[in-house]
Structures are given as C-alpha cells and as structure tokens.
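Right, one structure below, let's go through it.
None of the figures in this text is laboratory data; all of them are computed from the coordinates on show. Source: prediction; values computed, not measured. FYI the Cβ positions are ideal-geometry reconstructions off the backbone, even for glycines, and counts take in every protein chain you see.
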C-alpha cells in the first residue's frame with residue numbers, strides 16, 4: 001500500500017494542515033502525519049510506517065500556483081529533504097530565509113526556535129484530528145560546561 005486509500009482526501013487534509021503553519025516556523029512530514037488518524041482500512045502499524053511518506057507525496061502533488069506554504073515542511077532531522085543543490089531546494093531555503101528561519105552549518109534548523117507546535121486544540125478537534133508530535137527536544141541542551149568526571 002504505497003498510497004492512502006483515498007489520496008485526494010488525504011492530500012486535501014495534508015494541505016489544510018500545512019496552511020496552518022505560521023510564517024517563520026516549520027513542521028515536518030512526520031509531525032503533519034501524526035495529526036491525521038489512520039484512514040479506514042489501514043492498520044495502525046502500517047500507517048505509522050507509511051504516513052510521513054504519504055505526506056511527502058501529498059506535498060509533491062501540489063498543483064502549480066498553490067497557496068500551500070510547502071517550504072515550511074521539512075525533514076524530521078531539521079533539514080531540507082529535496083536533493084541538495086536542486087532548484088527546488090534552493091527555493092525552499094530562500095523562502096525560509098525570507099521568513100527569518102536560519103540553518104546551522106550542518107543545514108539544520110533549531111526546532112526549539114522555529115518548530116511549530118501545531119494548530120489549536122479546538123481547530124484539530126473540529127476536524128477529527130489528533131494532537132501533533134512535538135518537534136521540541138524533551139531535554140534542554142546541557143550548558144557549555146566541561147564535565148568533572
């Protein structure tokens with residue numbers, strides 16, 4: 001099963017979620033997927049394995065001229081998932097830079113600064129969606145201090 005049972009409905013939902021990402025913030029394929037319950041007829045384990053891929057395919061299926069801010073959806077490691085040096089990757093980096101989203105020397109964003117927390121709970125509930133996975137690390141980074149032992 002390499003696509004959702006109803007690709008058009010899944011794409012529409014993905015695009016609606018992507019439209020909620022505010023300027024200056026990013027989401028990931030996995031975070032968007034985490035808000036969408038498994039489609040009818042798809043078991044949870046299969047869905048968990050395929051859902052981020054399905055979101056990526058939804059984003060790549062955007063029609064030309066779409067108002068969906070596709071550039072705000074990146075890979076789970078905090079980097080652009082498009083082929084490095086491609087025109088699309090450069091456009092995504094340019095668009096994010098225009099929104100003050102910065103990348104480190106490894107080409108990754110800091111989710112603590114620009115990671116989206118997802119739509120409001122009432123917005124999700126009205127659409128039968130789930131709370132998103134957080135992009136923020138669980139533990140704060142250790143201070144830049146040498147260890148004694």
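Quick one: among 26, 14, 68, which has the greatest mean-square fluctuation in a GNM of the chain with alpha-carbon springs under 10 angstrom?
Ranking 26, 14, 68 by mean-square fluctuation puts 68 first.
Compute the long axis of helix 7-18 from its Cα atoms, compare it with the longest principal axis of the Cα atoms of the chain, and write down the angle in degrees, 0 to 90, nearest 10.
Roughly 40 degrees, rounded to the nearest 10.
How far is the Cα center of the stretch 10-69 from the Cα center of the stretch 74-128, in Å?
Cα centres, the stretch 10-69 to the stretch 74-128: 13 Å.
Normalised by the number of residues in the stretch 7-126, what is the relative contact order in percent for Cα pairs under 8 Å and 6+ residues apart?
With pairs under 8 Å counted, the relative contact order is 34 percent.
Per residue of the chain, what 222 nm ellipticity follows from adding -39500 (n - 2.57) for every DSSP H run with n ≥ 4, rounded to the nearest 500?
Dividing the helical sum by the residues of the chain leaves -11000 deg cm²/dmol.
Cut-off is 10 Å between beta-carbons; in what order do 111, 103, 94 appear when sorted fewest neighbours first?
94, 103, 111
Using only Cα atoms and rounding to the nearest 10 degrees, what angle (0 to 90) does helix 87-98 make with the longest principal axis of the chain?
Computed tilt is about 60 degrees.
With r defined as the distance between the Cβ atoms of residue 133 and residue 66 and R0 fixed at 35 Å, what FRET efficiency is calculated, to the nearest 0.05?
Plugging the Cβ-Cβ distance into 1/(1 + (r/R0)^6) gives 0.90.
For Rg and Dmax of the Cα atoms in Å, several values are listed as [x] 13.5, 39; [y] 19.1, 65; [z] 16.5, 57; flag the one computed from this structure.
Checking each listed value against the structure points to [z].
Could you state the angle between the C-alpha long axis of helix 44-60 and the longest principal axis of the C-alpha atoms of the chain, as a value from 0 to 90 degrees rounded to the nearest 10?
The helix 44-60 is inclined about 80 degrees to the chain.
With a 10 Å cut-off between alpha carbons and a GNM built on the chain, which of 76, 30, 118 moves the most?
Per the Cα network of the chain with a 10 Å cutoff, 76 tops the list.
Would you list 40, 64 from fewest to most Cβ contacts within 10 Å?
So the residues, fewest neighbours to most, are 64, 40.
What is the gain in length, in nm to one decimal, between residue 87 and residue 2 on full extension, counting 0.36 nm per residue of separation less the C-alpha to C-alpha distance?
Value of the extension gain: 27.9 nm.
Of 72, 51, 19, which is the most mobile in a GNM of the chain whose springs link Cα atoms less than 10 angstrom apart?
Its mean-square fluctuation being the largest, the pick is 19.
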